Amino acid sequence: MFRRVQLVLIAGASIGISAASLVLLLLAVLGAALVVVWVGLPLLFGAAYATRGLATTERRLAAIVVGQRIASPYLDHSGGNLFRRLQSLARDPATWRDAVWLLVNGIAGLVLSIVGLLEALLGVIFWWLPPALLVRINAHISRALLSPGTKSELALRVQHLTQSRADTVDTQAAEIRRIERDLHDGAQARLVALGMTLGLAEEIVHGDPAGAQRLLAEARSANSQALSELRDLVRGIHPPVLADRGLDGAVQALVLSSPIPVQVDIDLPRRLPAPVESAAYFGVAECVTNLIKHSGASKGVVRLRHVEERLHVEVIDDGRGGVILDDAGGLRGIQRRLSAFDGTLAVLSPPGGPTVVVMDVPCEPLSTH
Amino acid sequence: MRVVLAEDLALLRDGLIRLLEAHEFDVVEAVDNGPSLLRALVNHRPDVAVVDVRLPPTFTDEGLRAAIEARVQLPGLPVLVLSQYVEQLYARELLADWRGGVGYLLKDRVSNVSQFVEAVRQVAGGGTAMDPEVVATLLSRRGNDSPVGGLTPREREVLGLMAEGRSNSAIAAKLFITEKAVSKHTNSIFARLGLPQSEDDNRRVLAVLAYLQV
């Protein structure tokens, strides 16, 4: 019964959309005819934008009827000045598919939805038809025209890759700057001081052996501080235990030093490609750090799985929740890093907890162990 | 005392040989890769082995694996593992057979020669010599539910130094207390951890293992 009422309502809404399509179609034709005069262009672009809004509504309605989500085909046109935006709007293959839909939906769709509404309302007269057949046909036509075509899919893919590549390059450049700064202010400076101390000791060793000995002890301590800073730096670039034991061992080693008990549940049959292991490791490390420092949790769980050519990571805690992905935060950096592999990071953290961070990266395991 | 040494960097290998021989150790063989290390350990059955974690051919934890494998074949073979970095995971794996005779130190500790030599002797004698960095991380995360939760802060301090491989006299000097006070603390530690009367060295090892929660 609910389904019947729903279909009647959808048929009614479809009539409205079709009527609006017809109006927009006329506007677009008028705009095209008036392109030589200056009013034509704004009319055309106005119609194109309005069509997007209408098509988005139709996508939702048709999705209810066909029982399947219909993806949006539009590219992001937000960058640049007005002229550039209009240019990229005109180049978007989705704009032209929208125009075709406008034509089909404004004429055939209008007829289909009016008769379809009657059919849905008066099942008795149309007893020889399957229920709501015409509403369904209309929805399938819309799906065919409004889901991303091959061209749109490629264009969307290119846009995504351009963005993630730029992010990767930026992240790497920032990382290299950080390493350079750490080396310059840390180990390098200490080695300079070490050299000076040794030189001084050499000078006074005959005149003041006790003083030289003090300087040598100082040099040794500067040496071990430089080494300790280099160790920390190396851990931040690529933790040695990750190279030795892979993601499995590195995550176990990571939680060993956590003051809050974190349970690990790992099922990785084989080693994964090194860049993926590294990105996933730093993702887990960021989550575990947040868990220890900010969550107020009493326990946590790290789960790693490799199923159907995807690495799936979950970090869960029973803390106070309310974690958001802000642009300055470490999780956003991890998200950017994962997007280089088409990976995703999502945070589910209602106020009051619990917090679940899910990372998902497509990757094939290495062939040899 | 006979030593087998494994270190792939020639500079460090020569330095270690010189250092050990200057302190009356006899380096019977010095190798530079994992497979020959295992062979050398089984052939020579040295009094103590000094092993770098990262060795050819894989340049990962080859040395550690060879040392653990050698201790499976020759239980209790004393091994001192050196590394550019310390990992608690590896400390646990080395200690997992509950036999003692194990050391795990940062390479830079070698620069304190007398302490390093003391650590080698400690390990050769069946004791433990854990790097202060391992001990410190463990200290920071231990809750009250661990077996050492019932110890007083002072006793924990003493136990931490025991884990690093210090003798009672070294502990006394470090904490500015008398050696008698140290042995009072150690006896109290043994009692609280429920370690029965036995040879003192063995109890020391067991107490340290309890502390490191292997």
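The values are calculated or read from the model by the stated rules, or taken from the named source; none is laboratory data. Bear in mind the structure is a predicted one, so any value in this text is a computation, not a measurement. Neighbour counts are summed over all protein chains in view; Cβ atoms, including those assigned to glycine, are modelled from backbone coordinates with ideal geometry. The accessibility values were calculated without ligands, DNA or RNA, using every heavy atom of the protein model including side chains. Shrake-Rupley method; radii C 1.70, N 1.55, O 1.52, S 1.80 Å.
From helices alone, chain B scores -16000 deg cm²/dmol at 222 nm; the rule is -39500 (n - 2.57) for each run of n ≥ 4 DSSP H residues, then divide by the residue total. Distance between the 7 Å Cα→Cβ label points at residue A:15 and residue B:173: 10.0 nm.
Projecting each Cα onto the charge dipole of chain B (Lys/Arg +1, Asp/Glu -1 at the beta carbon, about the Cα centre), which of B:176, B:89, B:126 comes out farthest on the positive side? So the residue we want is B:176.
For segment A:304-369, the set of GluC sites (Glu not before Pro) satisfying both a DSSP loop assignment and a count of at most 14 other C-beta atoms within 10 Å is given as A:308, A:309.
Quick check: from the Cα gyration tensor, does segment A:294-365 come out rounded (a/c under 1.5), prolate or oblate? In terms of gyration-tensor shape, oblate. For B:98, A:96, the ranking by accessible surface with the largest value first comes to A:96, B:98, using a 1.4 Å probe.
Across chain B, the longest piece that holds none of the GluC sites (Glu not before Pro) lying in DSSP loops with up to 11 other C-beta atoms within 10 Å covers B:25-198. Amide H to amide H, with H built 1.01 Å from N, residue A:310 comes under 5 Å of A:363, counting only residues 5 or more places away or on other chains. The trypsin sites (Lys or Arg not before Pro) of segment A:285-369 meeting both criteria, a DSSP state outside H, G, I, E and B (loop) and at most 15 other C-beta atoms within 10 angstrom of the site's C-beta, are A:299. Note on the protein assembly as shown: antiparallel DSSP beta bridges, both residues inside, total approximately 45 percent of the bridges counted. Using θ = phi - 60° in the Karplus curve 6.51 cos²θ - 1.76 cosθ + 1.60, the 3J(HN,Hα) couplings for segment B:95-109 round to 8, 4, 8, 6, 10, x, x, 10, x, 8, 10, 5, 4, 5, 5 Hz; x is entered for Gly and Pro. If a/c stays under 1.5 just call it rounded; otherwise compare a/b with b/c (prolate if a/b is bigger, oblate if not). Do that for segment B:2-131, with a ≥ b ≥ c from the square roots of the Cα gyration tensor eigenvalues. The shape class here is rounded. Ignoring lysines fewer than eight residues from residue B:184 along the same chain, the ones with Cα atoms less than 29 angstrom from its Cα are B:174. Label-to-label distance, residue B:11 versus residue A:162, with points set 7 angstrom from Cα along the beta-carbon direction: 4.9 nm.
Given an 8 Å cut-off on Cα distances and at least 6 residues of separation, report the relative contact order of chain B as a percent.
15 percent
Across segment B:142-212, Cα pairs under 8 Å and at least six residues apart give a relative contact order of 36 percent.
Relative contact order for segment A:241-362: 23 percent, from Cα pairs under 8 Å spaced at least 6 residues apart, divided by residue count.
Only four residue types carry charge here, +1 at the Cβ of Lys and Arg and -1 at the Cβ of Asp and Glu. Report the dipole size of the protein assembly as shown about the Cα centre in Debye, rounded to the nearest 20. Magnitude of the dipole: close to 2160 debye.
Once the Cβ-Cβ distance between residue A:69 and residue A:37 is put in as r, and R0 is 41 Å, what FRET efficiency do you end up with, to the nearest 0.05?
0.45
Put a plus charge on the Cβ of each Lys and Arg, a minus charge on the Cβ of each Asp and Glu, and nothing anywhere else: the dipole of segment B:19-157 about its Cα centre is then about 380 debye. Look at where the Cα atoms of segment B:157-177 and of segment A:1-23 average out, and the two centres are 84 Å apart.
If R0 equals 56 Å, the separation of the Cβ atoms of residue A:3 and residue B:154 corresponds to a calculated FRET efficiency of about 0.15. Going by alpha carbons, how many degrees (0 to 90, nearest 10) lie between the helix axis of A:2-33 and the longest principal axis of chain A? Computed tilt is about 90 degrees. Helix B:113-124 and the long axis of chain B differ in direction by around 90°, with both axes built from C-alpha atoms. For the pair residue A:328 and residue B:59, what calculated FRET efficiency results from E = 1/(1 + (r/R0)^6), where r is the Cβ-Cβ distance and R0 = 30 Å, to the nearest 0.05? After rounding, the FRET efficiency stands at 0.20.
Is segment A:165-237 best put as rounded, prolate or oblate by its Cα gyration tensor, with a ≥ b ≥ c the root eigenvalues, rounded for a/c under 1.5, and otherwise prolate when a/b is larger than b/c, oblate when not? Prolate, because a/c is 1.5 or more and a/b exceeds b/c. Extension gain, residue A:78 to residue A:232: 0.36 nm times the residue separation minus the Cα-Cα distance gives 51.3 nm.
Of the residues A:359, A:196, B:1, ranked by 1.4 Å probe accessible area with the largest first, the sequence reads A:196, B:1, A:359. Centre-to-centre, using Cα atoms only, segment A:226-286 and segment B:1-44 are separated by 31 Å. Sparsely packed loop sites in segment B:159-211 (the chymotrypsin sites (Phe, Trp or Tyr not before Pro) outside DSSP H, G, I, E and B with at most 11 other Cβ atoms within 10 Å) comprise B:176.
Label positions at residue B:112 and residue A:151, each projected 7 Å from the Cα along the C-beta direction, are separated by 7.3 nm.
Angle, helix A:187-204 long axis vs. longest principal axis of chain A, Cα atoms, 0 to 90°, nearest 10? Approximately 10 degrees, to the nearest 10.
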